[in-house]
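See structure below.
The values are calculated or read from the model by the stated rules, or taken from the named source; none is laboratory data. Everything numeric in this text was worked out from a predicted model, so none of it was measured. Counting neighbours? That spans all protein chains shown, and the Cβs are built from the backbone with ideal geometry, glycine included.
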Amino acid sequence: MATKYKRVLIKLSGEALAGEDKFGVNPEMTAKTAAQVKEIHDQGVQIAIVVGGGNFFRGRTGKNIDRATADYMGMLATVMNALALQDSLLSIGCDAKVMTAIEIRDMAEGYSRRKALDYLDDNKVVIFGGGTGSPFFSTDTTAALRAAEMNAEVILLAKSIDAVYSEDPNVNPDAERYEELTYMDIVEKELRVMDLTAATLCKDNDIQLYVFAMAEEGNLMKVINGENVGTLIH
């Protein structure tokens, strides 16, 4: 069966690797995530991944810490998650490379667009850690930037809820569920899907965004096969 997408960028939150622990890396959740990634990799899909670091540290919430310093600490958290995910993928026979925007020679390769593209062409999963390498930018922006650089067809935005809603469905059960939106809708409806810098990058580079719940087993494969399990933004 032919897949809908040939090259994707998956944006994973740090919380997705923490699971119910809320903090740190939960081995079971990380293994489940790796298994879903390998499943679509085995179908010939080229995969890049950007990981967040909220399960260890959030730059914007660092009290009594300079914002830039706090952001650098957050970048280090994303590297820890990238390394954990890489090991989980390697343990199940899925070749993966970690590339970081901040130089950590003994742990990962420094980011190089050309080298990353070569790895994707060689069917290796490329995991990007370290954000953009600069403070004041979110991992949402990193995902949009790397998706543009990697010529990805779509950003698969893994969330804790299954789609984009008009309000938090956990607070308002009557919140409207959207199956399709435009980037202008995000701005006009003030939907907190991703930050405006990231949304603008996606819009300007004609990159689609698909929001779905990766925690539900098999959902990633369903998205790749074109099934409607979330919200498409274009």
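Summary table
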{"quantity": "Residue in the stretch 112-127 that is modelled with pLDDT of 95 or more, assigned to a helix (DSSP H, G or I) and in contact with a helix residue (DSSP H, G or I) (Cβ under 6 Å, 6 or more places away or on another chain) present", "calculated": "yes"}
{"quantity": "Residue that is farthest from residue 144 (Cα to Cα), among those in the stretch 173-197 that are among the aliphatic types (A, V, I, L, M) and modelled with pLDDT under 90", "calculated": "175"}
{"quantity": "Residues that are more than 30 Å from residue 113 (Cβ to Cβ) and either touching a helix residue (DSSP H, G or I) at 6+ places or on another chain (Cβ under 9 Å) or β-branched (Val, Ile, Thr) (or both), drawn from the stretch 165-187", "calculated": "171, 178"}
{"quantity": "Filter result (in contact with a Leu (Cβ under 7 Å, 6 or more places away or on another chain) and either among the basic types (Lys, Arg) or at pLDDT below 90 (or both)) within the stretch 213-228", "calculated": "214"}
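Condition check ((1) hydroxyl-bearing (Ser, Thr, Tyr); (2) under 15 Å from the mean Cα position of the chain (by Cα); (3) within 19 Å of residue 11 (Cβ to Cβ); (4) surrounded by 24 or more Cβ atoms within 10 Å (Cβ to Cβ)) across all residues:
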site: 64; (1), (2), (3), (4): no, no, no, no
site: 75; (1), (2), (3), (4): no, yes, yes, yes
site: 93; (1), (2), (3), (4): no, no, no, no
site: 97; (1), (2), (3), (4): no, no, yes, no
site: 109; (1), (2), (3), (4): no, no, no, no
site: 141; (1), (2), (3), (4): yes, yes, yes, no
